[in-house]
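Beneath this line is the structure, given in structure tokens, with notes to follow.
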């Protein structure tokens, strides 16, 4: 019986610490649009205007509606275990005095995570959202720009979110962790 390529070659999974050292030693720079997902360094596509506009619009609405009740993090890393350091588009975090300057936020710190997808809908939905669910992030939203819809993901489990629903009324979408804080997203898609 001969060895297969899988028997001979194994993928190397980078840890978060190794990934961060690549940045410290200039192997990766701030100009590199990459993130670490399940030990793999993923090259992200450039951010288009509809994507950046949607991120700016949602972030602005969150700031106006939620104020100091949350720490708003825009396109910054979150740490999920030892092998993932994704950079979601928007994360609402529990307030902390250091504003997360001393350690990356972890799933326990996250009130709501939002991914905005223009060209990455399938990747965000099929790879990143299951990662977030398995990590126990209570709620994630996917803004699907091409389809002009907002999908809410709740009830995380090891194999994905149990409750998935399209937002029926963008005029008052309420994050589960912030009852009474409905966000008017009617202008989300321009």
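Laboratory data are not the source of any read-out in this text; all were calculated from the coordinates shown. No experiment lies behind these values; they were computed from the predicted model shown. Positions of Cβ are generated from backbone atoms using ideal geometry, with glycine treated the same way; all protein chains shown enter the neighbour counts.
Taking every DSSP helix (H) stretch of at least 4 residues in the chain, weighting each as -39,500 (n - 2.57) and dividing the sum by the residue count yields a mean residue ellipticity at 222 nm of -5500 deg cm²/dmol. Just one of (1) 49; (2) 33; (3) 44 is percent of Cα pairs over 26 Å apart as worked out from the coordinates here. Which one is it? For percent of Cα pairs over 26 Å apart, the calculated option is (2). What Kirkwood Rh does the stretch 142-190 have if only Cα atoms enter the pairwise 1/r average? Answer in Å. 11.8 Å is the Kirkwood radius here.
Residue order for 115, 18, 139, fewest other beta carbons within 10 angstrom first, comes to 18, 139, 115. Normalised by the residues of the chain, what does the relative contact order come to in percent, with Cα pairs under 8 Å and at least six apart? It comes to 15 percent, rounded to a whole number. In plain terms, the chain from residue 96 to residue 159 could stretch by 19.7 nm, reckoned as 0.36 nm per residue minus the Cα-Cα distance.
Counting neighbouring Cβ atoms within 10 Å and putting the fewest first, the residues 41, 80, 183 line up as 41, 183, 80.
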